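What follows is calculated from the coordinates using simple rules that are stated; it is not laboratory data. Since the structure is predicted, the reported quantities are computational estimates derived from the model, not experimental observations. So basically every Cβ, Gly included, is an ideal-geometry build from the backbone, and we count neighbours across all protein chains shown.
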Amino acid sequence: MAVYVLCLVLFCVGIYAILSKRNLIKIIIGLIVAEHAVNLFFILVAYRIGGRAPIFEPPPVSIEPMVDPLPHALVLTAIVIGIATTAFMVALAMRIYEKYGTYDIARIRELRG
Amino acid sequence: MMPTSPVIPLFVAVPLAGAFAIALLGKKTRIIPNGMALIVTGGLIAFSIIAMRMFSLFGVHTYKLGAWPAPFGIVMVLDGLTAFMLFTVSLIAFLVILFSISYMERYSGRWQFYTLFLLMVAGMNGVIVTGDMFNLFVFLEVAAVASYALVAFGTEKHELEAAFKYAVMGSVGSLFVLLAIVWLYSYTSTLNMADMALALQAAGSTRVALVTGVLLLTGFALKAAIVPFHAWLPDAHPSAPAPISAMLSGVLIKALGVYAICRVFYSVLGVSPQLSMLLMVLGVVSMSVGVLLALRQWDLKRLLAYSSISQIGYIMLGIGIGTPLGFMAALFHLFNHSVFKSLLFLGSGAVEYATGTRDLREMGGLGKRMKLTSAAMLSGSMSVAGIPPFAGFWSKLLIIVAAVQAGYYWFAIIAVVASMLTLSYVMRIMRYGFLGELREKWAGVREVPFMMKLSLGLLALICILGGLLLLPGAREFFLTQAARTFSVGTQLASRILGGV
């Protein structure tokens, strides 16, 4: 149970960073933390005590405490998507720094209304 | 035996192939990106008409990727709502590409534009056709990441700022969706939407459905820019190049937001009266906040962006009402909004192309120099304001009638008032932008090139004639069979799996 709570805490830390930080890079880091909290949660859900890989073997060997491989595949996909988004946002932050000369979102506010 | 159809995966495969072909071959020439994008989107319109026809003849179709049987492999599903959304997306994408051929001349890196554009279309079509929860997330991200990049396409100050804001909000939205999918998977041990719906029904537990419902609604509402989650839209949509504004406001927020909400709640989780009420309240709040904020905008595209928020509110209200008339009205308004909001954004792009400004205070009398753009903008404005006989009038009328029939008098009254306020802001576009005396400095302004005029003219024609879709025959083929998907609801699941 405690691991799930820690996972939730990690997610909240990420969301808190996104909402309250003023530095673009810190916002991106917050997003990465929140994202990996979700991935971690998915892996935890799939965890089996004493589990083994789901490879079929002839009857005397049982694959009973089998680990469901699907969540791992999904998390892998989610990580790849996350990397693409992160790379894109870091590139964006660099271009913003070139134009505005700052990472501070309080000073990057030309759009309003 | 459920009919299978090889047309369904083409909706994703063709734009994906087009995107990569443009990226590989289109760097040097101008013909390849333009021609390829036109052929791909034109082909998608043809496929979507075939898909509608197939559905009306044979009912729900599925396609199993890699021929794996249904609850284990990935399934794509074609039902009425899917066919309707595919047609809307393809139609708008084609007309927007037609417009961008001339408009994008000013930008460098056109092949990148078309690659990202087709990737976005592939993502949206994927979200629409998929029958698998995790694929929904993957395609959602494909479309979203492509759209972040397209918002930043100009790489000027404002574009970058808006794109960053949009990317952060969009990624948080996707995170909520992913979290909800994790919950649903760990509860039902399946990702197939139909199988998941059956498992949830069998378990009969509403608590998991409630938690995931809240997470999914938050995630998709962020994508659809429904009011408490709308902050990114008025920055992102105006900052993008005009064709992209038209795509984002016209179809992206509907495919990733409204359609995903409909699919997840009506076909998988099931709808409770509280959820319907919540959708209606969100709709009414969106429609009134959007319209009030639009009233005080002077930037033409920003005004239109707020107007999108307000019109999405009408669609959500129609869906929330939950009667067959409400669903049909909501879908008809969704189609109409796609058409007239793309028209208005493309029109604002044409004005920007000719004059270089989007500020209504600097315009004036442009109608004298740009006759066709002005006429097209007028028909789009009349449609959004709901003036008969333009298409927007009929769909708004049906939504209000549905609200009255279902006994939600207050919502109907708010919808009527919001519609009047809409008229006042669109009249402002016409009065400051196109009517009145021509200003000295715009004396040399010329009408936009032929391709842009063609696209504007076709969209205006659909705005004027759209009401004809309500005639018997056309209505049955186009709207009713799509609206029936809602009434079938989670029963769809047993049909899909039953046939496999």
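Under 30 Å from the Cα of A:Lys21, which lysines turn up, not counting those fewer than eight places away in the same chain?
By straight Cα distance, A:Lys21 reaches A:Lys99, B:Lys157, B:Lys165, B:Lys223, B:Lys301.
Can you tally the net charge around B:Arg53? Count Lys and Arg as +1, Asp and Glu as -1, for every other residue whose Cβ sits under 15 Å from the Cβ of B:Arg53.
-2
Report, ordered by chain and residue number, the aspartates and glutamates lying within cross-link reach of B:Lys441, taken as a straight Cα distance under 17 Å and ignoring same-chain residues fewer than 8 apart.
Answer for B:Lys441, where 17 Å is the Cα cut-off: B:Glu352, B:Asp359, B:Glu362, listed by chain and number.
By how many nm would the segment from B:Ser424 to B:Asp359 grow when fully extended, if each residue of separation counts as 0.36 nm and the alpha-carbon distance is taken off?
The span from B:Ser424 to B:Asp359 would gain 21.7 nm if fully extended.
Give me the Debye-computed log₁₀ of I(q)/I(0) at q = 0.07 Å⁻¹ for chain B, equal point scatterers on Cα only, no solvent, two decimals.
After summing over all Cα pairs, the log10 values are -0.33.
Rank by packing, highest mean first: peptides B:15-27, B:327-339, with packing defined as the count of other Cβ atoms within 10 Å averaged across residues.
Descending mean neighbour count gives B:327-339, B:15-27.
Just want the ordering: B:Ser455, B:Ser56, B:Ser48, A:Ser62, from fewest to most Cβ atoms lying within 10 Å of their own Cβ.
A:Ser62, B:Ser56, B:Ser48, B:Ser455
Quick check: net charge around B:Gly131, other residues with Cβ under 10 Å of its Cβ, Lys/Arg +1 and Asp/Glu -1?
-1
Only four residue types carry charge here, +1 at the Cβ of Lys and Arg and -1 at the Cβ of Asp and Glu. Report the dipole size of the range B:10-498 about the Cα centre in Debye, rounded to the nearest 20.
740
List the trypsin sites (Lys or Arg not before Pro) within the range B:277-335 that DSSP assigns to loop and that have no more than 15 neighbouring Cβ atoms inside 10 Å.
Answer by residue number: B:Arg296.
Which net charge results when you count Lys and Arg as +1 and Asp and Glu as -1 among the other residues whose beta-carbon is under 15 Å from that of B:Gly466?
Computed value for this residue: +3.
Where in the range A:43-113 are there trypsin sites (Lys or Arg not before Pro) that are in a DSSP coil and have at most 13 other Cβ atoms within 10 angstrom of their Cβ?
Filter output for the range A:43-113: A:Arg48, A:Arg107, A:Arg109, A:Arg112.
Tell me what chain B gives for mean residue ellipticity at 222 nm when only DSSP H runs of n ≥ 4 count, each as -39,500 (n - 2.57), the sum divided by the residue total, rounded to 500 deg cm²/dmol.
-23000 deg cm²/dmol
Per residue of A:6-18, count partner chain C-beta atoms within 10 Å of its C-beta, then hand back the mean as an integer.
1
Roughly speaking, what is the stretch gain from B:Val417 to B:Gln405, that is 0.36 nm per residue apart minus the C-alpha to C-alpha distance, in nm to one decimal?
2.5 nm
Name the residue from B:Met451, B:Leu136, B:Ile321 whose Cα lies farthest towards the positive end of the charge dipole of the range B:10-498, charges +1 on Cβ of Lys and Arg and -1 on Cβ of Asp and Glu.
B:Met451
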